[in-house]
Amino acid sequence: MLTKFSPTRLLGMAFAFLQRFQQRRIRTFSILFAVGLSLTLAVSACSPSASENSGTPQTTQNPSGTTIRIGYQKASTVLYALKARGELEKAFATSGSSVIWAEFPAGPPMLEALNAGSIDFGYTGESPPIFAQAGGIPLVYVAYDPWSPKAEAILVPKDSPIKSVAELKGKKVAFSKGSNANYLLLKALEKAGVQYSDIKRVTLTPADARAVFERNNVDAWAIWDPYLAAAEAATGARTLVDATGLAPNRGYYLAAKSFVDTKPDALKIILDGVNQVSNWAKNNPTEVAKFLSPALGIDPPVLEIAEKRREYDVLPLTDEVITKQQEVADTFYKIKLIPKEIKIKEIVWQGKLNNS
């Protein structure tokens with residue numbers, strides 16, 4: 001007989017778990033990751049009416065078939081569009097399988113869910129999988145999206161006297177810690193001969209960073225599209241430097257290792273669907289902007305600017321791509337954003353894409 005616990009008791013157990021580890025002074029990334037996940041799952045498991053934004057699954061399940069679980073973000077165009085079009089459900093219906101979609105606000109909580117076995121597949125920028133691998137999460141890179149180095153930049157207010165990255169020394173710079181923009185900032189400073197410790201780092205979410213940037217409470221902001229395009233349109237912000245020649249700014253399609261090992265055919269069906277939608281997005285920036293506008297709360301003309309400077313594709317990880325991703329990981333280890341060195345090539349899928 002299963003024992004039922006109240007939400008309060010589950011949270012108490014999770015906090016007790018945290019306290020025991022704190023008492024032992026074990027503070028590695030992987031343990032913190034697991035503790036945060038325990039709290040998240042305790043709340044969501046006891047809240048059947050939880051918001052979709054917390055990663056709540058949406059599905060009409062067929063109990064006789066396999067359930068495919070996919071994590072997505074509204075700003076991740078391809079998976080969000082794939083969900084809306086319903087084509088993946090049709091592809092799996094012939095085998096009696098169903099698809100669960102769970103929305104997440106960002107890549108890190110999505111990969112926490114992958115670690116917990118709550119999702120099988122997802123898409124993030126280049127940084128979250130590095131943190132996940134360092135934390136021992138069993139994930140696999142299955143493909144990459146070229147995105148674009150033009151789709152992220154370091155902005156300054158339109159009337160700012162700052163004209164170069166070198167002038168950021170001693171200045172307040174907002175960015176999301178551990179993000180693609182964090183890496184861009186590191187490389188831009190390095191090229192300009194400025195130490196990371198020489199700037200006043202203000203780590204904020206995109207929404208919070210936008211607010212302090214508009215109030216001139218920071219001197220610069222490292223950010224990506226579509227938030228980049230929205231800030232440019234709303235404030236007239238100037239681009240100090242984009243990622244061209246500094247950072248690859250790629251996106252990655254990721255899967256749980258157990259899913260890759262046990263359901264390779266299902267993985268290929270997902271990737272086929274992703275490829276079809278990617279081709280549509282690549283060739284229809286105006287339509288993509290109109291599609292995303294209601295979900296993101298950004299006007300279509302602004303989103304179209306972002307769409308026209310980004311790229312779409314579903315490509316296998318080459319040695320060059322792996323090397324570049326390894327450089328990101330090595331940089332984060334160097335400044336102690338991750339607790340240990342990792343090898344990207346150890347978790348790259350060896351399968352073959354149908355379009356390659």
Using a 1.4 Å probe on heavy atoms of the protein chains only, the accessible area for D265 in Å², nearest 10, reads 120
If each K or R counts +1 and each D or E counts -1, the residues other than D120 whose Cβ falls under 11 Å of its Cβ total +3
Residue-ordered couplings for region 269-286, obtained by feeding phi - 60° into the Karplus form 6.51 cos²θ - 1.76 cosθ + 1.60 and rounding to whole Hz (Gly and Pro as x), are 5, 4, 5, 5, x, 4, 5, 4, 5, 4, 5, 5, 5, 4, 9, 9, x, 5
Once all protein chains are kept in place, F104 shows an accessible area at probe 1.4 Å, nearest 10 Å², of 20
Taking alpha-carbon centroids only, region 232-306 lies from region 95-161 a number of Å equal to 11
A correct Karplus calculation of ³J(HN,Hα) over region 209-222, with 6.51 cos²θ - 1.76 cosθ + 1.60, θ = phi - 60°, whole Hz and x for Gly and Pro, returns 5, 4, 5, 6, 5, 5, 8, 6, 8, 10, 8, 7, 8, 9
The set of residues whose placed amide H lies less than 5 Å from the amide H of E311, leaving out same-chain residues fewer than 5 positions away, is W147, S148
Phi angles of region 248-259, converted by Karplus (6.51 cos²θ - 1.76 cosθ + 1.60, θ = phi - 60°) into ³J(HN,Hα) in whole Hz with x for Gly and Pro, give x, 6, 9, x, 10, 8, 10, 9, 5, 4, 4, 5
Residues whose modelled amide H sits under 5 Å from the amide H of I199, counting only those 5 or more places away in sequence or on another chain, are G170
Row for region 229-352, column shape: gyration tensor on C-alpha, a ≥ b ≥ c, rounded if a/c < 1.5 i.e. under 1.5, prolate if a/b over b/c, else oblate; value oblate
Sorted list, accessible surface of protein heavy atoms, 1.4 Å probe, largest first, for Y183, Y333 is Y333, Y183
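The values are calculated or read from the model by the stated rules, or taken from the named source; none is laboratory data. Every value quoted in this text rests on a predicted model; they were computed, and no experiment measured them. With ideal geometry, Cβ positions are generated from the backbone for all residues, glycine too; neighbour counts draw on all protein chains shown. With ligands, DNA and RNA removed, areas are computed over all heavy atoms of the protein, side chains included. Shrake-Rupley method; radii C 1.70, N 1.55, O 1.52, S 1.80 Å.
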